[in-house]
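Visitor: Structure incoming, see below.
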Amino acid sequence: MSLAASPADTRALRPDGVAVAAAIATLICAAPAIAVIALAVTRDAGAEFGAALIREGAIGTLSLVLAGGAGAIAFGAGAAWLVTLCKFPGRGVFEWLLVIPLAAPSYILAYAYASMTWAGGSPFPVQGFWGAAFIYAVGLYPYVYLAARAAFASQSACALEAARMLGASPSRMFWRIALPLARPGIAAGAALACMEIAADYGAAQHFGLSTLSTAVFRAWYAHGAPALALQISAVLLVAAMVFLFVERSARGRASYAGGSSRWRPLPRYDLNAVAGGSAAVFCAALIVFGALLPLLWLGRLALLHANVQDIVQPFVNSIVLSGSGAALTLSLAAAIAVAARRATTGWGKSPLFAAGMGYAAPGAVVALGALSLFGLAREAGWVGGLGAGLSLAALFWTYAARFASAGVGPIDAGLSRLSKGFDASARTLGAGPWRRFVEVDLPIAAPSLAAAALILFVEILKELPATLILRPFNFDTLAVKAYSYASDERLLEAAAPALLIFLAGLAPIIILARTIERRRAGAA
Amino acid sequence: MSSVRVDKIRRTYGKTLVLDDVSFTAPQGQVVALLGPSGSGKSTILRLIAGLEHVEGGDIHIGGERVSGAGLTVAPEARRVGMVFQDYSLFPHLTAGANVAFGLDKLGRADRDATALKWLDRVGLKHRANAYPHELSGGEQQRVALARALAPSPRAILLDEPFSGLDAVLRAELRDATLATLAEAKTTTLFVTHDAEDALQAADRLVILKSGRVLQEAAPRDAYDHPASLDAAAALGPINVYKSAVANGVVATPFGNVNASQLANGAAANVAVRAEALMLAPGSGARVIAVRPHGAHDLVRIEAQGIVWRALAPARSALGETVSVTIQPAGAFAFSG
């Protein structure tokens with residue numbers, strides 16, 4: 001018999017402050033996006049060039065999503081297939097190293113490759129449309145890789161063994177069995193990569209491309225047309241929601257297609273020397289172009305050209321902003337995770353859905369939404385002018401709405417460890433609520449909370465467009481500093497802040513990589 | 001050390017009635033087994049006694065103190081009742097020693113550590129005091145959980161399927177060791193099991209449950225020899241069931257007569273005959289269909305007049321193709337049907 005208390009019983013024993021917190025969390029996550037849609041529909045943009053700007057941006061974004069997304073799928077699914085179902089030299093190391101490119105945001109890769117191209121250090125010129133597509137493909141393929149790897153790994157060993165018994169070659173097995181079974185997983189990963197491409201501002205802007213994201217900034221700053229910026233944001237938001245929908249429904253199917261429940265080592269193909277060597281080169285190339293080469297290049301430039309005095313203040317600002325933003329977002333994410341776990345009805349999941357919406361929405365869109373809400377409050381006379389304080393408040397709001405979802409996963413993992421009846425045992429041993437919280441719940445959940453905090457800290461540190469829009473005057477962060485140097489074509493000086501962001505980004509990715517490695521070791 | 005008295009308790013989950021009018025007593029210092037299939041509500045009874053859930057009707061008394069009743073649920077932390085959970089629920093971030101010491105926070109540090117070590121020693125795990133739960137085997141985890149529950153000297157101790165996660169050899173060994181520890185501690189014990197052998201061997205008293213109701217409350221010997229109903233008889237081992245009418249104070253079955261003198265002549269009756277109460281000898285009367293080894297016995301399927309029964313015969317009995325069957329009266333019961 002199960003030891004878990006029934007939902008009805010949990011309700012009876014605990015007061016329901018969680019519901020209130022969840023409702024507030026929903027509001028915080030969803031309000032900026034709702035504001036954008038509402039204002040875009042109700043306010044007249046009144047500019048004839050608006051339609052052209054939207055059309056041009058939509059075509060640009062769509063082309064980049066198609067080109068970058070196709071590359072990410074080919075690289076990610078191919079690498080996942082190789083490491084899960086084939087044997088070749090270095091396979092075990094590649095399995096976790098392949099996630100490393102997630103450390104660098106696209107705009108950092110763009111600055112690194114642009115300076116490399118400019119200095120003649122790049123093996124091929126990285127510029128314009130294809131340069132951006134290349135950066136998205138090598139930088140974002142890990143999204144597909146992670147989802148596809150999970151899909152391949154969860155496939156029934158029996159189905160694959162049966163295919164081998166029937167004499168299927170590796171390529172036939174890939175095309176006829178493994179790929180169709182993994183398709184939902186690949187689609188979910190690809191949707192995440194496309195979401196990132198559509199939301200990217202820094203890389204597209206640096207390569208001079210017209211996308212919806214760059215159009216938002218052009219309308220806002222160059223044309224001084226806030227209503228138009230909101231309309232473009234609304235289009236971008238709808239695109240993001242489509243990707244979110246694809247990801248969610250594909251993920252649902254992925255778990256449905258998830259084969260047998262009993263874990264068994266998958267039968268791996270022995271590749272011959274040539275094929276095995278090519279597989280190793282393929283995986284190594286992804287890691288080199290996605291992380292190693294830009295990292296070393298930025299390191300070299302930073303050592304040669306860093307202006308340390310110039311980045312001390314941005315560094316401190318980044319730490320303070322990311323630290324306080326992460327703390328705030330963490331509490332929001334915790335409320336959402338607890339509410340979702342407690343939820344018995346569809347309504348209970350609404351904070352989770354709202355957080356997912358915030359995560360899908362591009363930073364610039366959420367920032368404009370939060371800003372508009374403060375603008376409305378000022379029109380209504382509730383707040384004064386948009387000073388530094390209010391703009392910081394809008395920035396924190398944006399971070400919380402954007403990233404709460406990224407914190408929910410790890411916190412939920414911590415809660416799932418707690419649900420195992422530790423609370424009940426502590427109670428029968430005479431521990432009161434405070435002692436249970438401090439000596440049982442907190443230490444057991446602490447590693448997950450720390451992981452969530454780290455992820456949020458780094459996400460905020462890497463964030464560029466919302467920070468650009470909402471930062472108080474003269475308040476530079478590392479991301480803003482890298483951006484402004486790069487905009488001024490001072491790419492050598494942009495290297496130092498870019499490198500710091502890259503290194504910070506490595507921390508959560510290394511944790512992720514280590515979990516992959518440990519799980520593999522534990523399973524073997 | 002206190003008695004536990006459960007009086008007419010009721011509990012529902014949503015619209016499902018989990019416990020309906022359940023009453024029994026666990027006398028001070030005795031070991032009581034709650035025996036029943038999954039879904040019989042036995043784990044819920046433990047959670048109610050522990051105070052982890054509230055009763056919807058009826059009362060629970062521990063040592064004469066009313067701890068649960070309509071509108072009253074004394075918090076688990078205030079009950080001084082120990083519990084060993086089915087998954088043991090050892091705190092993963094604490095060593096075995098610290099797990100046992102967790103309930104001893106009223107003591108000073110030195111006392112606490114000494115008491116924890118004493119209890120680990122009693123379950124034979126003193127040398128594992130610094131090991132973390134994930135470093136312990138299943139059997140070791142169970143023993144640490146037992147020491148942890150006993151260390152604060154609870155008024156009663158509750159064990160939820162204490163031996164279910166263990167393999168057969170370890171199970172018997174651990175059951176005996178656990179009983180010895182409990183006997184030494186002289187603590188009133190309630191344990192939940194779906195295994196008749198565990199219940200018969202370990203308990204001073206049985207409470208047989210089915211679908212949230214008590215079928216019978218008795219000493220193991222009495223429950224085995226005088227089952228209160230067909231279901232109560234079935235709970236303690238394999239039985240053969242036959243439906244017929246009473247004639248001349250007996251029910252005639254294809255394998256022999258069963259005494260039914262307490263029932264009226266002509267009344268419908270259900271007969272239960274324990275598999276081990278069928279004596280087989282070379283002869284005629286029933287056909288042997290199959291013989292399968294079953295530990296110390298052979299499980300023999302016999303057929304007569306189209307009816308198939310199961311019998312337990314001494315292993316490697318020389319049986320022919322047909323046998324004569326004798327029903328031992330001590331293992332045959334008639335209930336009105």
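Visitor: Considering Cα pairs under 8 angstrom that are at least six residues apart, work out the relative contact order of chain B and quote it in whole percent. Could you put the intermediate results ahead of the total?
Guide: Details: 766 pairs, mean separation 55.5, N = 337.
Reported relative contact order: 16 percent.
Visitor: Same structure again: Output the relative contact order of chain A, whole-number percent, from Cα pairs under 8 angstrom with separation of 6+ residues. Provide the component values of the computation, followed by the final result.
Guide: Details: 792 pairs, mean separation 127.4, N = 524.
Averaging sequence separation for qualifying contacts and normalising by length gives 24 percent for chain A.
Visitor: Could you give log10 I(q)/I(0) at q = 0.10, 0.13, 0.18 Å⁻¹ for segment B:189-337, computed by the Debye formula over C-alpha point scatterers of equal weight, without solvent?
Guide: So the normalised log intensities work out to -0.38, -0.63, -1.08.
Visitor: Dipole of chain A (Lys/Arg Cβ +1, Asp/Glu Cβ -1, origin at the Cα centre): which of A:Ala335, A:Ala486, A:Gly414 lies farthest to the positive side?
Guide: About the Cα centre, the residue reaching furthest to the positive side is A:Gly414.
Visitor: With equal scatterers on the alpha carbons only and no solvent term, can you work out the Debye log10 of I(q)/I(0) for segment B:146-205 at 0.18, 0.22, 0.26 1/Å?
Guide: So the normalised log intensities are -0.60, -0.91, -1.25.
Visitor: Could you compute the longest span of chain A free of chymotrypsin sites (Phe, Trp or Tyr not before Pro) located in DSSP loops and having at most 11 other Cβ atoms within 10 Å, not counting the site residues? Don't skip to the end; give the middle numbers.
Guide: Numbers: sites that count: A:Trp263, A:Trp382, A:Phe473.
It works out to A:1-262.
Visitor: Give the percent of DSSP beta bridges with both residues in the protein assembly as shown that are antiparallel, rounded to the nearest 5. All intermediate terms of the calculation are to be shown ahead of the outcome.
Guide: On the way: 61 of 81 bridges.
Roughly 75 percent of the beta bridges in the protein assembly as shown run antiparallel, per DSSP.
Visitor: Which value does Rg/Rh take for segment A:80-224 over its C-alpha atoms, Rh per Kirkwood?
Guide: Values: Rg = 19.2 Å, Rh = 17.4 Å.
Rg/Rh: 1.10.
Visitor: So what's the back-of-envelope 222 nm ellipticity for the protein assembly as shown, counting only DSSP H runs of four-plus at -39500 (n - 2.57) apiece and dividing by all residues, rounded to 500?
Guide: On the way: 32 runs with 473 residues, N = 861.
Per the formula, -18000 deg cm²/dmol.
Visitor: Using the Kirkwood radius over Cα pairs, work out the Stokes-Einstein diffusion coefficient for the protein assembly as shown at 10 °C and 1.306 mPa s, in µm²/s as a whole number.
Guide: Working: Rh = 32.1 Å.
After rounding, the answer is 49 µm²/s.
Visitor: Take the alpha-carbon centre of segment A:161-181, take the same for segment B:1-53, and report the distance between them in whole Å.
Guide: If we compute the Cα centre of each part, the gap is 54 Å.
Visitor: If you take the alpha carbon radius of gyration of segment A:424-524 and divide it by 2.2 N^0.38 Å, what ratio comes out, to two decimals?
Guide: Values: Rg = 20.8 Å, N = 101, 2.2 N^0.38 = 12.7 Å.
Normalised by 2.2 N^0.38 Å, the Cα Rg of segment A:424-524 equals 1.64.
Visitor: For B:Ser137 and B:Ala172 in one chain, what is 0.36 nm times their gap in residues minus the Cα-Cα distance, to one decimal in nm? Write down the numbers at each step before the final one.
Guide: Values: separation 35, 0.36 × 35 = 12.60 nm, distance 1.61 nm.
Roughly 11.0 nm would be gained on extension.
Visitor: I need the Kirkwood Rh of chain B: take the reciprocal of the average 1/r across all distinct C-alpha pairs and report it in angstrom.
Guide: Numbers: mean 1/r = 0.0451 Å⁻¹.
Result for chain B stands at 22.2 Å.
Visitor: Sorted from fewest to most neighbouring beta carbons within 10 Å, what does the list B:Val241, A:Val65 look like?
Guide: Values: B:Val241 15, A:Val65 23.
With the fewest neighbours first, B:Val241, A:Val65 line up as B:Val241, A:Val65.
Visitor: Compute the acute angle (0 to 90°) between the alpha-carbon long axis of helix B:168-185 and the principal axis of greatest extent of the alpha-carbon atoms of chain B; round to the nearest 10°.
Guide: Orientation of helix B:168-185: about 60 degrees from the principal axis.
Visitor: Using a cut-off of 19 Å between alpha-carbon atoms, which lysines can reach B:Lys106, once sequence neighbours fewer than 8 places away in the same chain are excluded?
Guide: Output for B:Lys106: B:Lys118.
Visitor: Within chain A, which DSSP H helices have Cα atoms that stretch 30 Å or more along the helix axis and a mean Kyte-Doolittle hydropathy of at least 1.0? Show your work: numbers first, answer last.
Guide: Details: long enough: A:18-42 (34 Å, 2.47); A:49-85 (52 Å, 1.46); A:128-153 (37 Å, 1.15); A:226-256 (44 Å, 1.10); A:308-342 (50 Å, 1.07); A:388-418 (42 Å, 0.86); A:491-523 (46 Å, 1.16).
Qualifying helices, which must be both long enough and hydrophobic enough, are A:18-42, A:49-85, A:128-153, A:226-256, A:308-342, A:491-523.
Visitor: Could you please report the charge total around B:Pro27, scoring K, R as +1 and D, E as -1 over all other residues with beta-carbon less than 10 angstrom from its beta-carbon?
Guide: Details: positive: B:Arg5, B:Arg205; negative: B:Asp204.
Spelling it out: positives minus negatives among the neighbours equals +1.
Visitor: Among B:Val288, B:Asn240, B:Ala75, whose Cα lies farthest out toward the positive end of the dipole of chain B, if unit charges sit on the beta carbon of Lys, Arg (+1) and Asp, Glu (-1)?
Guide: Working it through, the farthest residue towards the positive pole turns out to be B:Ala75.
Visitor: Between B:Arg221 and A:Leu376, what is the spin-label point distance in nm, taking each point 7 Å from the Cα along the Cα→C-beta axis?
Guide: Calculated label separation equals 8.1 nm.
Visitor: Turning to a different aspect of this structure: What do you get for the angle between helix B:109-122 and the principal long axis of chain B? Use alpha-carbon atoms, 0 to 90 degrees, nearest ten.
Guide: So the helix axis and the longest Cα principal axis differ by about 20 degrees.
Visitor: May I pose another question? With r defined as the distance between the Cβ atoms of B:His294 and B:Ala75 and R0 fixed at 45 Å, what FRET efficiency is calculated, to the nearest 0.05? Write down the numbers at each step before the final one.
Guide: Details: r = 48 Å, r/R0 = 1.06.
E(calc), rounded to 0.05, equals 0.40.
Visitor: Also: Tell me, what HN-Hα J-couplings in whole Hz come from the Karplus equation 6.51 cos²θ - 1.76 cosθ + 1.60 at θ = phi - 60° for each residue of segment B:51-59, using x for Gly and Pro?
Guide: x, 6, 9, 9, 7, 9, x, x, 9
Visitor: Please give the net charge around A:Trp118, taking every other residue with its beta carbon less than 15 angstrom from that of A:Trp118, where Lys and Arg add +1 and Asp and Glu add -1. Walk me through the numbers on the way to the answer.
Guide: Numbers: positive: A:Arg300, A:Arg490; negative: A:Asp488, A:Glu489, A:Glu493.
That works out to -1.
Visitor: Please work out how much length the chain gains when fully extended from A:Val281 to A:Tyr221, using 0.36 nm per residue of separation minus the C-alpha to C-alpha distance, in nm with one decimal. Please report the intermediate quantities before stating the final value.
Guide: Values: separation 60, 0.36 × 60 = 21.60 nm, distance 4.51 nm.
Using 0.36 nm per residue and subtracting the Cα-Cα distance, I get 17.1 nm.
Visitor: Using 27 Å as the Cα-Cα cut-off, could you pick out the over-long pairs in B:Lys15/B:Lys243; B:Lys15/B:Lys42; B:Lys42/B:Lys126?
Guide: Numbers: B:Lys15/B:Lys243 34 Å; B:Lys15/B:Lys42 18 Å; B:Lys42/B:Lys126 33 Å.
B:Lys15/B:Lys243; B:Lys42/B:Lys126, as the Cα separations exceed 27 Å there.
Visitor: Testing the spin-label approximation: label points 7 Å from Cα along Cα→Cβ at B:Asp20 and A:Leu418. State their distance in nm.
Guide: In this crude label model, B:Asp20 to A:Leu418 measures out at 3.8 nm.
Visitor: Set the Förster distance to 22 Å, then compute FRET efficiency between B:Ala247 and B:Gln305 from the Cβ-Cβ distance, nearest 0.05.
Guide: Working: r = 16 Å, r/R0 = 0.74.
Calculated value: 0.85.
Visitor: Considering only the other residues whose Cβ falls under 14 Å of the Cβ of A:Gly432, what net charge follows from Lys and Arg at +1 and Asp and Glu at -1? Don't skip to the answer; put the middle values down first.
Guide: Values: positive: A:Arg427, A:Arg435, A:Arg436, B:Arg79, B:Arg80, B:Lys106; negative: A:Asp423, A:Glu439, A:Asp441, B:Glu77, B:Asp105.
Within the 14 Å Cβ shell, the charges total +1.
Visitor: Now, a different point. Through the Karplus equation 6.51 cos²θ - 1.76 cosθ + 1.60, θ set to phi - 60°, convert the phi angles of segment B:291-297 into ³J(HN,Hα) values in whole Hz; use x for Gly and Pro.
Guide: Each residue of segment B:291-297 in turn: 10, 10, x, 9, x, 6, 10 Hz.
Visitor: If I model segment A:170-226 as equal point scatterers sitting on the Cα atoms and use the Debye formula, what is log10 I(q)/I(0) at q = 0.26 Å⁻¹?
Guide: Normalising to I(0) and taking log10 leaves -0.96.
Visitor: A follow-up question, please. Which FRET efficiency value, to the nearest 0.05, do you get for B:Arg109 and A:Ile319 by plugging their Cβ-Cβ distance into 1/(1 + (r/R0)^6) with R0 = 45 Å?
Guide: So the FRET efficiency works out to roughly 0.70.
Every read-out reported here was derived from the displayed coordinates using simple, explicitly stated rules and does not represent laboratory data. Bear in mind the structure is a predicted one, so any value in this text is a computation, not a measurement. In this analysis, Cβ positions are derived from the backbone assuming ideal geometry, glycine residues included, and neighbour counts consider all displayed protein chains.
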